[in-house]
Amino acid sequence: MSVAAIVPAAGRGERLGLGLPKALAVVGGLSLVARAVDGLVEGGVDAVVVVAPPGGEDAMRRALGDRDVTVVPGADDRVGSVSAALDALPADADVVLVHDAARCLCPPEVVRAVVDAVRAGHRAVIPATPVADTLKRTGAAGQVLATVDRSDLAAVQTPQGFEPATLRAAHDRARARRDAGEPVAATDDAGLAEDLGVTVVTVPGDPRAFKVTTPLDLAMAEALVTAGRA
């Protein structure tokens, strides 16, 4: 048995404003995708499949250097990209992780906690942190409609871990719904599992597993690496 990971890295990175796919942005001399893969391997992952923008496979391989990964072309959306990677996974994997390349500083201990929880019998596992900010529900004109109780809310991170058959079934259902013209509203793979009726459990996340989306996020990641905090 082995642990396999899918790293969706097909995002265009428009909010970063670098003119290249987000996963190829550099922090501390390494691309986001290379750092994400290194963290997964250090956390016990045996095989990694990276999803590149269509036509960008060679650039992704260059960014990964000599790391032993499989690179496959992605699709127009996350469902299609992860589905493409599922076909490239090793047959002996008993745990499959899906990890955003943009969460490149996720500590290996979070990876191990997710894997351990799946192997303990949970079909779907996500790292999560408490919500610290006060949340307001607002209207179309920006007016505050209500203050949201945050006591039972959590901010979700990756890697998200699954029993392989569960992840495949979740994506099969999502593709079928999409092909039938139905909207697929889930923004992460755990949401697709929820749609199957699967109970998703949480393990503690880590603030360092934040998602690099904006120039400020990139600067924060650079600062953490430079200070030796990641």
Legend entry - Extreme residue, positive dipole direction of region 10-163, given options Val95, Gly29, Val41 (C-beta unit charges): Gly29
Legend entry - Largest to smallest accessible area among Asp87, Asp149 [probe 1.4 Å]: Asp87, Asp149
Inset, instruction - Provide, as a two-decimal number, the C-alpha radius of gyration of region 105-230 over 2.2 N^0.38 Å, N being how many residues it has. - result: 1.25
Legend entry - Alpha carbon Rg of the chain, scaled by the compact-globule rule 2.2 N^0.38 Å: 1.01
Inset, instruction - Filter the trypsin sites (Lys or Arg not before Pro) in region 156-230 down to the DSSP loop ones having no more than 10 other Cβ atoms within 10 Å, then list what survives. - result: Arg229
Inset, instruction - Along Cα→Cβ, 7 Å out, is where each label goes; now give me the distance between the ones at Glu109 and Val144 in nm to one decimal. - result: 3.7 nm
Legend entry - Spin-label model distance (nm) - Arg119 vs Ser2, 7 Å beyond Cα toward Cβ: 1.5 nm
Inset, instruction - Among Leu153, Ile6, Ile126, pick out the residue whose Cα is farthest towards the positive end of the charge dipole of the chain, where Lys and Arg carry +1 and Asp and Glu carry -1 on C-beta, about the Cα centre. - result: Leu153
Inset, instruction - Mind ranking His99, His122 by accessible surface for me, highest first, 1.4 Å probe? - result: His122, His99
Legend entry - Whole-number accessible area per residue in Å² for region 76-230, which is evaluated in the context of all protein chains at 1.4 Å: 51 Å²
Inset, instruction - Using only Cα atoms, locate the centre of region 165-220 and the centre of region 27-98, then give the distance between them in Å, rounded to an integer. - result: 16 Å
Inset, instruction - Keeping the other protein chains in place, figure out the carbon and sulfur percent of the accessible area of the chain, with a 1.4 Å probe. - result: 51 percent
Legend entry - Förster radius 45 Å - calculated FRET efficiency between Arg229 and Arg173, Cβ distance, rounded to 0.05: 0.65
Inset, instruction - Pop a pseudo-label 7 angstrom from the Cα along the beta-carbon direction at both Arg67 and Ala154 and give the gap in nm to one decimal. - result: 2.6 nm
Inset, instruction - Kindly provide the GluC sites (Glu not before Pro) of region 1-98 that DSSP labels as loop, not H, G, I, E or B, and whose Cβ sees at most 16 other Cβ atoms within 10 Å. - result: Glu14
Legend entry - Other-chain or far-sequence residues with amide H under 5 Å of Gly205's (modelled H): Ala128, Thr129
Legend entry - Residues whose placed amide H lies under 5 Å from that of Ile6, excluding near-sequence neighbours: Val49, Leu97, Val98, His99
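The values are calculated or read from the model by the stated rules, or taken from the named source; none is laboratory data. Every value quoted in this text rests on a predicted model; they were computed, and no experiment measured them. A quick note on method: Cβ atoms are made from the backbone with ideal geometry, for glycine too, and the neighbour counts reach across all protein chains shown. In case anyone asks, the SASA skips ligands and DNA or RNA and just uses the protein heavy atoms, side chains included. Shrake-Rupley method; radii C 1.70, N 1.55, O 1.52, S 1.80 Å.
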